[in-house]
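Peer 1: First the structure, then my questions, so here it is.
Quick note: the coordinates plus some simple rules give every number you see, no bench work behind them. As the structure is a prediction and not an experimental result, all values here were calculated from the model. Here the Cβ positions follow ideal geometry from the backbone for every residue, glycine too, while neighbour counts run over all protein chains shown.
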Amino acid sequence: MARGERLDSGPPGSVIGHANIGPMTISDDDPASDNAAAIHEDRLWRDNGWTARVIKNEDDEGWAVAMIKDGEPEPALVGPWTMGRDKKNPKPLDSAAFNTLVKTAAEVIRRHEQHTHAERHREMAVTAASGRVTVKLDVTPDDDDPYAELSAFDAAGRELARVRVDAGFRLTSASALAWVESDYRKPGAARAGRRAAED
């Protein structure tokens, strides 16, 4: 799941499961952006590199909580927050609830980083006439010029080839084997050569 994901469930007394909460506004002067001392208030709790802020759900009468890691511009987690006993104001934050929220938000970040790594770094082994070859695809998500590198390694881990390819290149067993069997020519080069000859 991505940063700022909505929490679908949570432990009793801290976060209520709810998938459809509306947009929420978090002020620009968010305390997570500075390194001030710990704060332990009913609607704002900051400690150990995290800030929990209880905020009004702009689409209904409910409340939500945003978990922000120090130094990050956006919340790692936004989820519905429990009403207080008066059924009007939010339940006050406390140490136990804050610690639970920190664990949940940290897990969201960990899953997001794992997902991002898996998308940007893929590898698979194929069996070619020359033997077993491991093909890797590493994507560099540059804003101006995103690209990827395709590399091949033999069974001993020695690099056999490396070429730059389009960031959208799809690494499959078929494309990996085709690249190896083409003697590591840059994918698409042969097609481009044929088109040039036809023109």
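Peer 1: Work out from phi, with θ = phi - 60° and the Karplus expression 6.51 cos²θ - 1.76 cosθ + 1.60, the ³J(HN,Hα) of each residue of the stretch 167-172, listed in order in whole Hz, and give x for Gly and Pro.
Peer 2: 4, x, 4, 9, 8, 10
Peer 1: Next question, about the same structure. Identify, among I68, P90, L44, the residue whose Cα sits farthest towards the positive end of the charge dipole of the stretch 34-100, taking +1 on the Cβ of Lys and Arg and -1 on the Cβ of Asp and Glu, with the dipole about the Cα centre.
Peer 2: Looking along the dipole axis, the top candidate is P90.
Peer 1: On to the next question. Could I have the simple spin-label model distance between E113 and A129, label points 7 Å from Cα toward Cβ, reported in nm to one decimal?
Peer 2: 4.5 nm
Peer 1: Where in the stretch 36-56 does the amide nitrogen come within less than 11 Å of the point 7 Å from the Cα of N89, taken along Cα to Cβ?
Peer 2: Only 42-43 fall inside the zone, counting backbone N under 11 Å.
Peer 1: Would you mind putting 117-125, 54-62 in packing order, based on average other-beta-carbon counts within 10 Å, highest first?
Peer 2: Values: 117-125: 12.4, 54-62: 14.4.
By packing density, highest mean first, the sequence is 54-62, 117-125.
Peer 1: Further question on the same structure: Taking 7 Å along the Cα-to-C-beta vector as the label spot, tell me the D138-R185 distance in nanometres, rounded to one decimal.
Peer 2: For the pair D138/R185, the computed spacing is 2.6 nm.
Peer 1: Here's something else I'd like to know. Can you sort F98, F153 so the residue with the fewest Cβ neighbours within 10 Å comes first?
Peer 2: Values: F98 21, F153 18.
So the residues, fewest neighbours to most, are F153, F98.
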